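The values are calculated or read from the model by the stated rules, or taken from the named source; none is laboratory data. This structure is a prediction, so every number in the text was calculated from the model and none was measured. Every residue, glycine as well, gets a Cβ built from its backbone with ideal geometry; the counts of neighbours run over all protein chains shown.
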Amino acid sequence: MQERNNLAESVVSARFAITKFRTGYDLNEVDDFLDTVVRQLREEPHVDAIVNTISAATFRQTKWRDGYTIEQVDGFLAELAGTLRARQDPDPGYSI
């Protein structure tokens, strides 16, 4: 469980570069999504449910408003999902 708390803290402390006048992800959508992931890391017993949430994430893109750098957000989420998958037991009821 401590490992999941550490992952939750890494999500809370994640920071992404801000874009302006070029395409980025909507700030509020990404922030709200990351809040959901943190909640799942702290409460969801099944790792596969969290990985599915991360894998299904989509965000509106902005161009004329501030946004998060797409590559940084996508890279962070891919790394997080990979970390969870690597620690996932073949038993679907397993949780870290």
Out of the residues in segment 44-80 that are acidic (Asp, Glu), at pLDDT 95 or above and assigned to a helix (DSSP H, G or I), state the one that is surrounded by the most Cβ atoms within 10 Å (Cβ to Cβ). 74
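Matching residues to (1) free of Cβ contacts under 8 Å to residues at least 40 places away in the same chain; (2) in contact with a strand residue (DSSP E or B) (Cβ under 7 Å, 6 or more places away or on another chain):
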| residue | (1), (2) |
| --- | --- |
| 15 | yes, no |
| 20 | no, no |
| 30 | no, yes |
| 72 | no, no |
Under 8 Å between Cβ atoms, which residue pairs at least 6 apart in sequence (or on different chains) link something in segment 2-13 that is more than 15 Å from residue 76 (Cβ to Cβ) with a partner that is at pLDDT below 90 and surrounded by 12 or more Cβ atoms within 10 Å (Cβ to Cβ)? 3/87; 3/96; 4/95; 4/96
Regarding residue 14, is this residue of a type in the set (A, V, I, L, M) and surrounded by 13 or more Cβ atoms within 10 Å (Cβ to Cβ)? yes
Taking the options 94, 25, name whichever one is at pLDDT below 95 and over 12 Å from the mean Cα position of the chain (by Cα). 94
